[in-house]
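**Student:** This is the structure I want to talk about, given as structure tokens.
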Amino acid sequence: MKLPKDILLIDFEGVSNPVQVGAVLLDKETLEEKDNFTSYIYADLGGRIVKKSGITQEMINEAPKPEEIGRTLYEKFGSNVFIASWVQSLDISHFINLMKKAKIDFTEGPVNFSKYDFHIIDIWPIAYIHALKSGYTGGVGSEELFQYFGAKPRDLHNALEDCKIAADVLRKIVL
């Protein structure tokens, strides 16, 4: 298989306030990892702990601000990539917000961002359909699907680890 561009697979921990980002760059021909990035993101959690990841305010107090993370992602990976994620609706909105805060040129609209291709690869639906076609009868959650595709059970979520698992699932489906 040969895609026209590499794939930048992204994941965020934290729902209303992203507190961690992970990114894995996949080769357009082999889907093997070419590069990766992870960082905590500064946010005010108001005393809450991010349940799925266990991230606390103390862990992110010295983390880079969202605009710094956006600039770093753009400088490291550029924009000549397909963006992918496990559940694109949340991850893409966080990604767009990071890029806007970094003042990377975006046009208005929910996914109409000018420097990036608007074709976004959402891995969860294709993984779920693939699993169903193969006889899967489990739930729709990421943990169950990840394990169906051979991932080890996770206690706490980590954005980079989740990207790597999603990349492995994508390889198993399309290669």
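**Student:** For Glu62 paired with Thr38, estimate the spin-label separation in nm (one decimal), with each label point 7 Å from Cα along the Cα-to-Cβ line.
**Tutor:** About 1.8 nm, to one decimal.
**Student:** Antiparallel versus total DSSP beta bridges in segment 6-174: what percent is that, nearest 5?
**Tutor:** Antiparallel bridges: around 70 percent, rounded to the nearest 5.
**Student:** In segment 1-33, which trypsin sites (Lys or Arg not before Pro) are in a loop and have at most 10 other Cβ atoms within 10 Å, using DSSP for the loop call?
**Tutor:** Of the trypsin sites (Lys or Arg not before Pro), the ones in loops of segment 1-33 whose Cβ has at most 10 other Cβ atoms within 10 Å are Lys2.
**Student:** Which whole-number percent is the relative contact order of segment 6-174 (Cα, under 8 Å, 6+ apart)?
**Tutor:** 26 percent
**Student:** Separate question: Provide the gained length on full extension for the span Asp27 to Asp105, in nm with one decimal, where the gain is 0.36 nm per separating residue minus the Cα-Cα distance.
**Tutor:** Between Asp27 and Asp105, full extension yields an extra 25.6 nm.
**Student:** May I pose another question? With charges only on Cβ, +1 for K and R and -1 for D and E, what is the dipole size of segment 16-75 about its Cα centre, in debye, rounded to 20?
**Tutor:** The dipole magnitude comes to about 360 debye.
**Student:** Given bins 10 angstrom wide, list per bin the percent of all Cα-Cα distances in segment 25-175, short to long.
**Tutor:** Whole-percent P(r) values from 0 Å outward: 10, 35, 36, 18, 2.
**Student:** Go ahead and estimate [θ] at 222 nm for the chain from helices alone: -39,500 (n - 2.57) per DSSP H run with n ≥ 4, summed, over the residue count, rounded to 500.
**Tutor:** Helices in the chain give a 222 nm mean residue ellipticity of -11000 deg cm²/dmol.
**Student:** Any chance you could check the Cα centroid distance between segment 1-25 and segment 156-175 for me, in angstrom?
**Tutor:** With segment 1-25 and segment 156-175 each reduced to a Cα centre, they are spaced 10 Å.
**Student:** Filter the GluC sites (Glu not before Pro) in segment 43-115 to those in DSSP coil with at most 10 other Cβ atoms within 10 Å of their Cβ, and list the result.
**Tutor:** Of the GluC sites (Glu not before Pro), the ones in loops of segment 43-115 whose Cβ has at most 10 other Cβ atoms within 10 Å are Glu62, Glu108.
**Student:** A further question follows. Between Ser89, Ser53, Ser16, find the one with the highest GNM mean-square fluctuation for the chain; connect C-alpha pairs within less than 10 Å.
**Tutor:** Highest fluctuation of the listed residues: Ser16.
**Student:** Let me ask something else. Measure off 7 Å from each Cα along the Cα-to-Cβ vector at Arg171 and Gln147, then give the distance between these two points in nanometres to one decimal.
**Tutor:** 2.3 nm
Quick note: the coordinates plus some simple rules give every number you see, no bench work behind them. Not measured: the values here are computed from a predicted model. Every residue, glycine among them, receives a Cβ derived from its backbone with ideal geometry; neighbour counts consider all protein chains shown.
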